[in-house]
1. Given the conditions (1) closer than 19 Å to Ser246 by Cα; (2) loosely packed, with under 13 Cβ neighbours inside 10 Å, and given that Glu24 satisfies all but one, which numbered condition is not satisfied?
2. Quickly run through segment 38-59 and pick out the residues that are over 18 Å from Ser242 (Cβ atoms) and either free of Cβ contacts under 8 Å to residues at least 24 places away in the same chain or of a type in the set (A, V, I, L, M, F, W, C) (or both).
3. Would you point out the residue of segment 31-60, among those that are of a type in the set (Ser, Thr, Tyr) and under 23 Å from the mean Cα position of the chain (by Cα), that is nearest to Lys279 (Cα to Cα)?
4. Mind checking which residues of segment 62-105 are of a type in the set (Gly, Ala, Ser), in contact with a Lys or Arg (Cβ under 8 Å, 6 or more places away or on another chain) and more than 29 Å from Asn127 (Cβ to Cβ)?
Amino acid sequence: MKYLLDKYYKKTKGQYPFFKYCPEKYKDYYINKYSSDILGYDYNYLNPKTFNEKIRWLIYNEKLSLKSILTDKIKVKAYITENIGMGHIAQIYGIWNNFKEIDFSYLPKKFVIKINDSWEKNIFIYNKEKIKEKIKDLEKIVTYLVRNNYLQFALEPQYKNIDSKIFIEQMIRNIKFSIDIQIHCFNEAPQMIEVLKADKSSEFYDTDWKILPYTYKGAELKSEIKKPLFLEEMLEYAKILSKGFSYVRIDFACTDERVIIWEMTFTPFAGLIPFSNKKFDVELGNLLKI
């Protein structure tokens, strides 16, 4: 069996559908192998030291059913509103099981089509009148996203119990010119701020808005960006939402009008964040007490 799994792992490079079919008793070995290949060091989540290893350890040892609920991009909105108050989420215009159910006639000119069981399954519509001529193509894309459960591609079991839905959400700003503020909370306290820019590059700051030396593989440390409006309010909201969790990242939209909270992320990159230097991984691991 191990010989056959090694061959299949080599063929798939550990990606989908390898872990879908890998027997449970071999998963620990191959998760560590796959992670070591990606991160470039001897990864062992069963004896965690780095941030990535500890995130992986929490996936299997911190059995909080609430995590699965809050990973759902729809259900988390109710939790945010309950704990923070009204006016801090993007409005949902509707929720559907399949694309054919959607009635576009009552929707505003621009909106975002999303899927609740994953990340980056977002389609930005800036003028709904233009989608009429491409409605079949749009249907194919959305149907594909709904059918491909993220659990099949990731190593994050909290997605297992999420019933895949389409939802259409208010467009807060133009994605091409936007940044997101992602506040990493360790043991119920905001400790680090990640700025995710439209080009998918990131910069890291402490809670006093001093730039940190952390970078991802292949990225360069760039000049500081302007401190966002409402940062103190974001930090306070992150502190409230992080209660009860060893680790959570609270994701905000950066706007000039109000604080908008996108989601709560418990296992970024499934414990496979590709830092450019292992020492960054170790330093962040020291912040996370498990």
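The values are calculated or read from the model by the stated rules, or taken from the named source; none is laboratory data. The model shown is predicted, which means the values in this text are computed figures rather than measured ones. Positions of Cβ are backbone-derived with ideal geometry, glycine not excepted, and every protein chain shown enters the neighbour counts.
1. Just one mismatch for Glu24, condition (1).
2. Within segment 38-59, the subset over 18 Å from Ser242 (Cβ atoms) is 38-50, 52-53, 56-57.
The answer is Ile38, Leu39, Asp42, Tyr43, Asn44, Leu46, Asn47, Trp57.
3. From segment 31-60, those of a type in the set (Ser, Thr, Tyr) are 34-36, 41, 43, 45, 50, 60; that's our starting set.
This time we only want the ones that are under 23 Å from the mean Cα position of the chain (by Cα), so: 34-36, 43, 45, 50, 60.
Numbers: Tyr34: 20, Ser35: 16, Ser36: 15, Tyr43: 14, Tyr45: 17, Thr50: 9, Tyr60: 24 Å.
Filtering first and then ranking leaves Thr50.
4. Passing the criteria: only Ser68.
Listed here are the residues, each with its yes/no results for (1) assigned by TED's automatic domain parsing to the domain that holds Arg258; (2) closer than 20 Å to Phe252 by Cβ.
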site: Asn83; (1), (2): yes, yes
site: Glu101; (1), (2): no, no
site: Leu107; (1), (2): no, no
site: Trp119; (1), (2): no, yes
site: Ile123; (1), (2): no, no
site: Glu129; (1), (2): no, no
